[in-house]
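Okay, so here's the structure we're looking at.
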Amino acid sequence: MGGPNRIARELEAREIPCFHEEKLARYTTIRIGGPAELLVRPRTVEELSAVLDLARAEDVPVRVLGAGSNVLVSDAGVRGIVLHTRALDEIRFEEGGLVQAGAGVHFPTLVRKATAKGLRGLEAGVGIPGSLGGVLTMNAGAYQFSIGPLVHEVVAVSLSRGPLTLAGDAIDFRYRASSFGRDLIVAHVRLVLAEDEPRAVRADMDKHMRFRKETQPVGVKSSGCIFKNPEGASAGKLLDELGLKGFRLGEARISEVHANFIVHDGAARASEILDLIDIVRTRVRKELSVELETEIMTWN
Ligand SMILES: Cc1cc2nc3c(=O)[nH]c(=O)nc-3n(C[C@H](O)[C@H](O)[C@H](O)COP(=O)(O)OP(=O)(O)OC[C@H]3O[C@@H](n4cnc5c(N)ncnc54)[C@H](O)[C@@H]3O)c2cc1C
């Protein structure tokens with residue numbers, strides 16, 4: 001395909017960072033994934049828009065990668081452009097509990113910085129290892145925490161319409177889904193948080209982190225929860241009922257700590273993870289008559 005090469009030449013001329021055949025395993029928390037044909041790392045909304053204009057002109061597919069904590073990239077990798085948001089990393093605290101942050105900001109870092117300033121609202125999400133853009137797009141949540149009600153406005157770039165600003169209440173946040181995605185890329189977010197005593201917010205944040213460490217695998221390679229919770233049930237509990245904790249396929253296995261996590265020690269391939277997902281889903285369908293939907297995104 002000439003498109004990605006032409007785009008790369010143009011990006012290099014404009015000094016926008018881009019990398020050919022970059023292995024995505026090092027950009028995902030599960031440490032799995034083949035190369036991206038062209039990985040691009042814009043630093044500003046203008047650079048992000050420029051990349052999207054070129055992709056549209058050349059008809060090259062674009063995917064967005066935040067912290068890679070909810071994607072499983074195939075062993076063969078992906079063609080086209082992977083837009084990596086990491087360099088959109090500015091955080092600015094404003095008056096009245098407002099915080100403006102780039103899509104690439106590591107969410108736990110944002111939570112800790114807000115907490116240190118006595119800003120309340122994000123503390124239950126401290127253990128979500130995504131980027132802010134990924135947290136918005138996936139409408140990630142934990143315990144009572146959900147990002148939607150805290151969003152004041154979002155600067156996004158549409159593949160078809162260019163940059164636009166959306167008011168928080170105009171955004172559709174659903175269970176582990178939102179209006180953002182392939183056509184609408186989050187660039188900056190303005191959140192509104194409540195002002196409180198730093199020590200009180202810190203105590204709550206620490207409590208949530210302790211609880212997570214007791215109930216989820218930590219320090220292992222995973223993409224978090226594999227399946228969404230079906231209506232009125234917990235996917236992890238269903239898998240646990242079937243005795244699936246510790247069940248393995250090749251190098252991939254169901255975590256012994258939390259049955260909705262697939263983990264590995266570093267040698268699993270994406271194909272093994274996908275096969276294991278298939279086996280588990282089929283057993284739940286046959287034995288419990290429940291259809292599980294994956295929460296993780298698969299790229300191939
Ligand atoms: C150990 C562990 C614990 C976890 N705990 C939780 C939890 O408690 N609750 C929870 O909800 N999730 C949890 N997750 C899942 C994951 O962290 C969240 O879904 C997170 O929001 C993903 O953010 P990310 O930046 O890593 O997104 P990525 O994995 O990089 O991408 C996920 C999706 O979002 C899209 N995307 C990313 N950034 C943007 C952007 N700027 N604009 C448009 N689209 C974008 C991608 O294209 C992709 O479709 C956990 C994961 C792990 C590994």
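The values are calculated or read from the model by the stated rules, or taken from the named source; none is laboratory data. This structure is a prediction, so every number in the text was calculated from the model and none was measured. Here Cβ is always computed from backbone atoms with ideal geometry, including for glycine, and neighbour counts include all displayed protein chains. Just the protein is used for accessible areas: all its heavy atoms, side chains included, with ligands, DNA and RNA removed. Shrake-Rupley method; radii C 1.70, N 1.55, O 1.52, S 1.80 Å.
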Seminar exercise, completed: For segment 150-162, pairs from a residue that is hydroxyl-bearing (Ser, Thr, Tyr) to a residue that is open to solvent by 10 Å² or more (accessible area, probe 1.4 Å) and outside any loop (DSSP other than H, G, I, E, B), with Cβ under 9 Å and 6 or more apart or across chains, are Ser158/Leu164; Ser158/Leu184; Ser160/Arg56
For this session: Among the numbered conditions (1) over 17 Å from the mean Cα position of the chain (by Cα); (2) within 9 Å of the ligand (Cβ to nearest atom), tell me where Val99 comes up short.
Result: (2)
Problem set entry | Selected residue (only one of Arg210, Arg283 is away from the ligand (no atom under 16 Å from the Cβ) and among the basic types (Lys, Arg)) | Arg283
Problem set entry | segment 124-162 - residue that is more than 10 Å from the ligand (Cβ to nearest atom) and closer than 20 Å to Arg92 by Cβ and, of those, most open to solvent (accessible area, probe 1.4 Å) | His152
Problem set entry | Members of segment 169-195 that are small (Gly, Ala, Ser) and at pLDDT 95 or above | Ala187, Ala194
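So that you can scan it fast, the table gives a plain yes or no per residue for (1) within 16 Å of the ligand (Cβ to nearest atom); (2) in contact (Cβ under 8 Å) with a residue 24 or more places away in the chain; (3) in contact with a Gly (Cβ under 9 Å, 6 or more places away or on another chain):
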site: Gly3; (1), (2), (3): no, yes, yes
site: Ala8; (1), (2), (3): no, yes, no
site: Glu12; (1), (2), (3): no, no, no
site: Glu15; (1), (2), (3): no, no, no
site: His20; (1), (2), (3): no, no, no
site: Ala25; (1), (2), (3): yes, yes, yes
site: Thr28; (1), (2), (3): yes, yes, yes
site: Arg31; (1), (2), (3): yes, yes, yes
site: Val51; (1), (2), (3): yes, yes, no
For this session: Consider Ala124 carefully, then state whether it is outside any loop (DSSP other than H, G, I, E, B) and outside the structural domain of Glu272 (by TED's automatic domain parsing).
Result: yes
Problem set entry | Members of segment 176-199 found to be open to solvent by 40 Å² or more (accessible area, probe 1.4 Å), on the phi < 0 side of the Ramachandran plot and within 12 Å of the ligand (Cβ to nearest atom), listed by number | Ser179, Arg182, Asp183
Seminar exercise, completed: The condition of being outside the structural domain of Leu193 (by TED's automatic domain parsing), buried (at least 23 other Cβ atoms within 10 Å of the Cβ), touching a residue at least 24 places away in the same chain (Cβ under 8 Å) and under 23 Å from His20 (Cβ atoms) holds, among Val78, Val73, only for Val73
Exercise. When you go through (1) open to solvent by 70 Å² or more (accessible area, probe 1.4 Å); (2) closer than 20 Å to Gly181 by Cβ; (3) out of contact with any helix residue (DSSP H, G or I) (no Cβ under 9 Å at 6 or more places or on another chain) one by one for Glu90, which number turns out not to apply?
Worked result: (2)
Seminar exercise, completed: Taking segment 163-175 and keeping only residues that are open to solvent by 50 Å² or more (accessible area, probe 1.4 Å) and outside any strand (DSSP E or B), one is left with Asp169, Ala170, Asp172, Tyr175
Exercise. Any residue in segment 163-185 that is touching a Gly at 6+ places or on another chain (Cβ under 6 Å) and touching a residue at least 40 places away in the same chain (Cβ under 8 Å)?
Worked result: no
For this session: Inspect segment 50-61 for any residue being in contact with a strand residue (DSSP E or B) (Cβ under 7 Å, 6 or more places away or on another chain), surrounded by fewer than 18 Cβ atoms within 10 Å (Cβ to Cβ), at pLDDT 95 or above and closer than 28 Å to Lys228 by Cα and give the result as yes or no.
Result: yes
Problem set entry | Condition met for Thr44 (among the hydroxyl-bearing types (Ser, Thr, Tyr), open to solvent by 20 Å² or more (accessible area, probe 1.4 Å) and closer than 24 Å to Pro129 by Cα) | yes
For this session: Please name all residue pairs, on different chains or six or more residues apart, with Cβ atoms under 8 Å, provided the first residue is in segment 96-118 and is in contact (Cβ under 8 Å) with a residue 40 or more places away in the chain and open to solvent by less than 10 Å² (accessible area, probe 1.4 Å) and the second residue is hydroxyl-bearing (Ser, Thr, Tyr) and within 12 Å of the ligand (Cβ to nearest atom).
Result: Gly102/Thr85; Ala103/Thr85; Ala103/Ser131; Phe107/Ser131
